[in-house]
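J.: Let me give you the structure first, and then I'll get to my questions.
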Amino acid sequence: MPKKIHVQAVINGQPMDFLCEPRQSLLEVLRDELRLTGSKEGCNNGNCGACNVLLDGRLVNSCLVFGAEVQGKAVTTIEGIATAQGLHPLQQKFLEHAALQCGICTPGFIVAAKALLEKNPKPSEEQVRHWLAGNLCRCTGYDKIIRAVLDAARLGS
Amino acid sequence: MKEIDYAAPATLTEATALLARKGARALAGGTDLIVQVRENRRDAELLVDLKNIAELNTLRFDAKEGLVLGAAVPCYRIAEHPDVRKRYPGLGDGVALIGGVQIQSRASVGGNLCNASPAADSIPALIALGASAVIATPSGTRDLIPVEKFCTGPGRTILGPGELLVHLHLPPPAPNSSSAYLRFIPRKEMDIAVVGVGVALALNDNRTACVFARIALGAVGPTPLLVPEAGAALAGRPLAEADLERAAELAQAQALPISDMRGSADYRRHLVGVLVKRALRIALQRVKGG
Ligand code: FES
Ligand code: FES
């Protein structure tokens, strides 16, 4: 049996404990151990952004973080974006603009866009496109995603 | 699948002891290492996470001391640092080109150097800026080595077992100096350099002639290359177009390009000439404009 490491972290605002193997990525921990399957595995090598989460507020690819590395840190996943009051404005605008088709890339785009709007609440179209350059979508052609993000920014999310 | 261990030491002494073990690998931002390990392209029995060591997270500038850039400092901190942007713009250029936001959050310049890719975007600017690598050894001593001597081949460095890159040291910039890094890729973003060029230069007080220049090339040799003759040819010159042309030719002559899927050797050599001149013009403009 591979050795397991005990990790304590705050996931979506909740203190949590989990066990993981050293070679397990944060993405695997989230999906397989914690059953938070909102974060998706696209490429598993840092190219597509489908696995995006916030790690202590910074946008990261969770497939490029070892689970063991999040000891003592705060992780926000797509499951932590909506509130009891309802969807996050970004989620609402993705629906309104039909900014998704298969939806595999969507959690990553929403987490990434949320990180952008927190840093820059009124980004230009170019800034949105530049920020989202690390997120790939095989379906939408991006325009609807960009419009949804700009519209959410207009709403003041 | 082979078993791996993980350790996150808080001190350099612990870290060098752990890194001396067989199969130990240093882990900073992990953007190269995690993929290599998980795809079994690099052997690892022990991952030594260095991000809890204070010395490796230091980023500070002092007019006398220069820039101390901890080996585990992530790219976004460097690219956003006002002193880096102002005083070491070539380093800022290179670092800002590494990946998208997600990679910037994690990848470090120390890791970029230790991964030793010939096409690494941060290394030519470090070399041009005269950076040194400060290395901790298991016996507790510190070695200082110029960055151009750090990489010994693709994916290989001078680091021995238990040795660890602590930080990079960049000397304070000379008066009337600046720097620039340019790379060529077939698209706008998110790609690996076909050729990269880093330059640093200083002008005399009335800004009529070059005092010194250093030029370094990426992706045209087994390691990033300092091309000393090309820089030396600019000393004392007014940096007219003919001077830039001469430096570009000397850089082309010292490049050791190969042909691969990103470009032929001839194409790379051509790009070296184009980029050397462009990077020199940018650095010159930065001195004059700032
Ligand atoms: S699954 Fe992580 S970047 Fe693609
Ligand atoms: S909606 Fe299918 S990949 Fe983006």
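The values are calculated or read from the model by the stated rules, or taken from the named source; none is laboratory data. Every value quoted in this text rests on a predicted model; they were computed, and no experiment measured them. Cβ: placed from backbone, ideal geometry, glycine included. Neighbour counts: every protein chain shown. For the accessible areas, the whole protein counts, side chains as well, though only heavy atoms, and no ligand, DNA or RNA atoms are used. Shrake-Rupley method; radii C 1.70, N 1.55, O 1.52, S 1.80 Å.
J.: What FRET efficiency do you get for residue A:98 and residue A:74 if R0 is 22 Å and r is their Cβ-Cβ distance, rounded to the nearest 0.05?
T.: For residue A:98 and residue A:74, the calculated efficiency is 0.10.
J.: Take the Cα radius of gyration of region A:3-45 and divide it by 2.2 N^0.38 Å, with N its residue count; two decimals is plenty.
T.: Dividing the Cα radius of gyration by 2.2 N^0.38 Å gives 1.16.
J.: Accessible area, 1.4 Å probe, largest first: how do B:184, A:94 sort?
T.: Highest to lowest solvent-accessible surface, that is B:184, A:94.
J.: Give the share of C-alpha pairs in each 5 angstrom bin for region B:157-250, from 0 to the last occupied bin, in whole percents, shortest bins first.
T.: So the P(r) values, bin by bin, are 3, 12, 17, 19, 17, 15, 10, 5, 2, 1.
J.: How much of the pair distance distribution for region A:5-80 lies past 22 Å, counting alpha-carbon pairs only, in percent?
T.: 8
J.: Quick one: what do you get for region B:219-290 if you divide its Cα Rg by 2.2 N^0.38 Å?
T.: Working it through for region B:219-290, the quotient is 1.16.
J.: Under the √(5λ) rule applied to the eigenvalues of the Cα gyration tensor, what semi-axes describe the equivalent ellipsoid of chain A? Give them in Å, descending.
T.: Gyration-tensor ellipsoid for chain A: 28, 16, 13 Å.
J.: Summing +1 for each Lys or Arg and -1 for each Asp or Glu, what net charge is found among the other residues whose Cβ lies under 10 Å from the Cβ of residue B:3?
T.: After counting each charged neighbour, the total is 0.
J.: With label points built 7 Å along Cα→Cβ from the Cα atoms of residue B:21 and residue B:189, find their separation and express it in nm.
T.: Rounded to a tenth, the inter-label distance reads 4.0 nm.
J.: For region B:56-170, I need the span (max minus min coordinate) of the C-alpha atoms along each principal axis, in Å, sorted largest to smallest.
T.: Largest to smallest, the principal-axis extents are 36, 32, 23 Å.
J.: Return the Cα extents of region A:41-92 along principal axes one, two and three, sorted largest first, each rounded to a whole Å.
T.: If we take the Cα atoms of region A:41-92, the spans are 33, 27, 14 Å.
J.: At R0 = 25 Å, how high is the FRET efficiency between residue B:64 and residue B:288 if r is their beta carbon distance? Nearest 0.05 is fine.
T.: Here the calculated transfer efficiency is 0.45.
J.: Now a separate question. Going by Cα centres, region A:108-145 and region B:21-78 are how many Å apart?
T.: A separation of 28 Å, based on Cα centres.
J.: Hey, how many Å between the Cα centroid of region B:221-256 and the Cα centroid of region A:22-51?
T.: 46
J.: Divide by every residue of chain B the summed helix terms, -39500 (n - 2.57) for each DSSP H run of at least 4, and state the resulting mean residue ellipticity at 222 nm, rounded to the nearest 500 deg cm²/dmol.
T.: -9000 deg cm²/dmol
J.: Quick one: net charge around residue B:202, please, counting Lys, Arg +1 and Asp, Glu -1 for every other residue with C-beta under 15 Å from its C-beta.
T.: Around residue B:202, the surrounding residues sum to +4.
J.: Further question: For region B:5-49, what number results from the quotient of the Cα radius of gyration and 2.2 N^0.38 Å?
T.: Dividing the Cα radius of gyration by 2.2 N^0.38 Å gives 1.09.
J.: Below 26 Å, Cα to Cα, which lysines can residue A:73 reach? Residues fewer than 8 away in the same chain don't count.
T.: Within the straight-line cut-off, residue A:73 pairs with A:3, A:4, A:40, A:114, A:119, B:51.
J.: Taking the Cα atoms only, what angle lies between the long axis of helix B:265-289 and the longest principal axis of chain B, rounded to 10 degrees?
T.: 80
J.: How fast does region B:66-132 diffuse by Stokes-Einstein, in µm²/s, taking the Kirkwood radius from C-alpha pairs at 20 °C and 1.002 mPa s?
T.: 184
J.: Sequence-distant or interchain residues sharing an amide H contact under 5 Å with residue A:53, placed H: which?
T.: A:60, A:62
J.: Hey, what's the per residue convex hull volume over the C-alpha atoms of the protein assembly as shown, in cubic angstrom?
T.: Measuring per residue, one finds 149 Å³ for the Cα hull of the protein assembly as shown.
J.: From the alpha carbon gyration tensor of chain B, can you work out the equivalent ellipsoid semi-axes (sqrt of 5 times each eigenvalue) and give them in Å, largest to smallest?
T.: Taking √(5λ) for each Cα gyration eigenvalue gives 33, 21, 16 Å.
J.: Round to the nearest 10 and report in Å² the accessible area of residue B:78, as given by a 1.4 Å probe over the protein chains' heavy atoms.
T.: Probe radius 1.4 Å; accessible area of residue B:78 about 0 Å².
J.: So for region A:89-155, Kirkwood radius off the Cα pairs, Stokes-Einstein at 10 °C and 1.306 mPa s: how many µm² s⁻¹?
T.: 139
J.: What does DSSP give for region B:1-114 in terms of the percent of beta bridges that are antiparallel, rounded to the nearest 5?
T.: Given both bridge residues lie in region B:1-114, the antiparallel proportion sits at roughly 40 percent.
J.: Mind giving me the nanometre distance, one decimal, between the label points for residue B:204 and residue A:19, set 7 Å out from Cα along Cα→Cβ?
T.: Going from the residue B:204 label point to the residue A:19 one covers 7.4 nm.
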